[in-house]
Amino acid sequence: MSGAPGPAGERVDVGALLTIDVDAELRKLATAQLQGPWQIPAELARRALGAGAAAVEIHLGRGRVTVDDDGAAIADAILRDLAVLLDPQAPADRRHSALTDLEAAGQGALLALAGLHIDALTITTAAAGAAPQRLTLRRGRPPIVAAAGPPAKAPRTSVDLHAGGLEAARARAFLADVGAYAGPGLKVDGVAIGDGLRRALATAPIALGGGPRPIRGQIAIARGAGEPRLYLLQHGIVTTHQSLTQAPAFDAVLELGPHADARASAADLRGLIEPVLGDLVEEAVDLMLAVAERTPRLGPEAQSRVRSLLLQSARLGRRRAEVEAAPIIPCVQSHDAAPVFRSLRDLRQAAEAEPGGPSILPALYPGQSSDEVILGGPPLVILDAAARSTITEVYGLRFRPPSRQPRARGALHRRVGERLADGLAAALVALRIGVGPRLADDALTADERALVDHLRALLPSCGPEAPREVHFCRGRGPVRRIGGPEATLLLPRDDPEVRRSVAALARSPAWIYPIALALLRGHGMPSPGARSTWLRDFGRR
């Protein structure tokens, strides 16, 4: 190799500078790129998908992997550079040049091959109408590149690799993880693995950033609970994840291959999407609102999921007016008909239309029967405690137990039951326990039931130390917290503090905040939203 001018005009022997340990450099590159040889199959799939393959078939065996695809052929120059790199007898400067050429061409998967201890390797590649080229390598022999048959009718590439450390089971599990969003054309041992969004509640294509080259991908509403999850792909294979805060839960799959150099790090990819994260969240809420329009046609779990996500979005300050107008609240109109879905805006108007009524709606919890309640007034909604708490905090709507129809009981049955209960309560009081048996919800007065319902709605937001359930019981106190992690708050009916709480809540539902502070006795703290509601209401008095 010819010399080059040095700092003082002397000639520098460039060839001498390149007498480096290329094998050591290859091992270093392979180690930096991969955690182990078992990741090679995924990188070969990435290479194929980056070449435009619509179908990629991977077969794994003990110390062996074969990858067949219909993408564009590997260029002849790249195949010959790989052959040089795989030949330990080739000149060091030529091997180093081949290494840098492959790296510049984004051929990370082929570089990773060169870092392995290969027993055997065959790569056959062909463009449509061209004769296939084949690279063959056997341990202890120099690699050979030669023509391999008549012209091909369609593009095709096949890689057959035998090497230690491939670990078929581990490679298969890794492929299932990073290849989950590559599309249905990716198969491992005959099974399609690339349709990871198929179980989503809803999906939609997205294009972020505008301009001639937007970042494209898919957004999805997952059926299960969780946090927002962003999967950043390079040529169909997951390279890294990105987390989000202050957003309702959704999944997004973004293809960054056309926007990033093949050598881009995970941090580089996350930096690419940073400017469009706000747009991404807006796209997610758009999809949730679109799904909400067909709420009646969804199953019960999906209905609950969409409602929860939209209320979560509203709590975070996103699209509150549109969430208020979405038909996501199930309402009972008659005892023998399926629930209908109405918007919070409609429900607010219905509540305000009641004579002298503030925004308070009758409500049941999921699973409670409407058979024994009186219908015909404002809509009877069906909501869990978390939804009620969010709606009260964000929109100011409050809830109360519905009025119940009178229920006949046998006189003898009633007298015997009451005497037994009263006798047990008296015995407990005599023992200075002061707490009798629990009372069923339908045995409570309307004001007592209102206290129970409001506390149940509030407890989930009071922190991990708060009780999980609340019940009235017979006796006169004191208020007790029983049980371990799934504790229950017992409210003795005749305890003076409980009586004052019932009376205060009857004046205004906003008083649930100081009531909860008093009854929880430090085991949990009501949410800031409950405090804000109380202060607003108290300030008007």
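The numbers here are math on the coordinates, done by the rules we state, and not lab data. Model, not experiment: these values are computed from the prediction. For neighbour counting, all protein chains shown are included, and Cβ atoms are generated from backbone atoms with ideal geometry for every residue, glycine included.
Structure above, values below:
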{"quantity": "Residue-by-residue Karplus 3J(HN,Hα) for the range 58-72, coefficients 6.51, -1.76, 1.60, Hz, glycine and proline x", "calculated": "10, 10, 10, x, 5, x, 8, 9, 10, 10, 10, 8, 10, x, 4"}
{"quantity": "Nearest-20 debye value, the range 132-249 charge dipole, Cβ charges on Lys, Arg, Asp, Glu", "calculated": "400"}
{"quantity": "Length gained when the stretch Asp261-Asp336 is fully extended (0.36 nm per residue, less Cα-Cα span)", "calculated": "20.8 nm"}
{"quantity": "Residues whose placed amide H lies under 5 Å from that of Leu439, excluding near-sequence neighbours", "calculated": "Phe472, Cys473, Arg474"}
{"quantity": "Cα gyration tensor shape of the range 280-356, rounded if a/c is under 1.5, else prolate or oblate by comparing a/b with b/c", "calculated": "oblate"}
{"quantity": "Pair-distance profile P(r), taking every C-alpha pair of the range 53-176, with 10 angstrom steps and integer %", "calculated": "13, 42, 36, 9"}
{"quantity": "Relative contact order [Cα under 8 Å, 6+ residues apart], the range 142-203, whole percent", "calculated": "19"}
{"quantity": "Karplus-derived 3J(HN,Hα), 6.51/-1.76/1.60, for each residue of the range 143-154, Hz, glycine and proline x", "calculated": "x, 10, 10, 8, 5, 9, x, x, x, 7, 7, 9"}
{"quantity": "Prolate/oblate/rounded label for the range 201-336 (Cα gyration tensor, a/c 1.5)", "calculated": "prolate"}
{"quantity": "Extreme residue, positive dipole direction of the range 186-282, given options Leu280, Leu197, Ala262 (C-beta unit charges)", "calculated": "Leu197"}
{"quantity": "Karplus-derived HN-Hα couplings along the range 320-336 (A = 6.51, B = -1.76, C = 1.60, θ = phi - 60°), whole Hz, x at Gly and Pro", "calculated": "4, 5, 5, 5, 4, 8, 7, x, 10, 9, x, 10, 8, 9, 8, 5, 10"}
{"quantity": "Within the range 61-120: Cβ-based charge dipole about Cα centre, in debye rounded to nearest 20 (Lys, Arg +1; Asp, Glu -1)", "calculated": "240"}
{"quantity": "Burial ranking of peptide ranges 93-101, 331-339 (average Cβ count within 10 Å, highest at the top)", "calculated": "93-101, 331-339"}
{"quantity": "The range 34-89 - charge dipole about Cα centre, Lys and Arg +1 at Cβ, Asp and Glu -1, debye rounded to 20", "calculated": "220"}
{"quantity": "Cα gyration tensor shape for the range 321-383, rounded if a/c is under 1.5, else prolate or oblate", "calculated": "oblate"}
{"quantity": "5 angstrom amide H check on Ile374, placed H, neighbours 5+ away", "calculated": "Ser403, Arg404, Gln405"}
{"quantity": "Environment charge at Gln35 (Cβ cut-off 12 Å; Lys +1, Arg +1, Asp -1, Glu -1)", "calculated": "-1"}
{"quantity": "Amide proton proximity set for Thr239, modelled H, under 5 Å, gap of 5+", "calculated": "Leu232, Leu233, Gln234"}
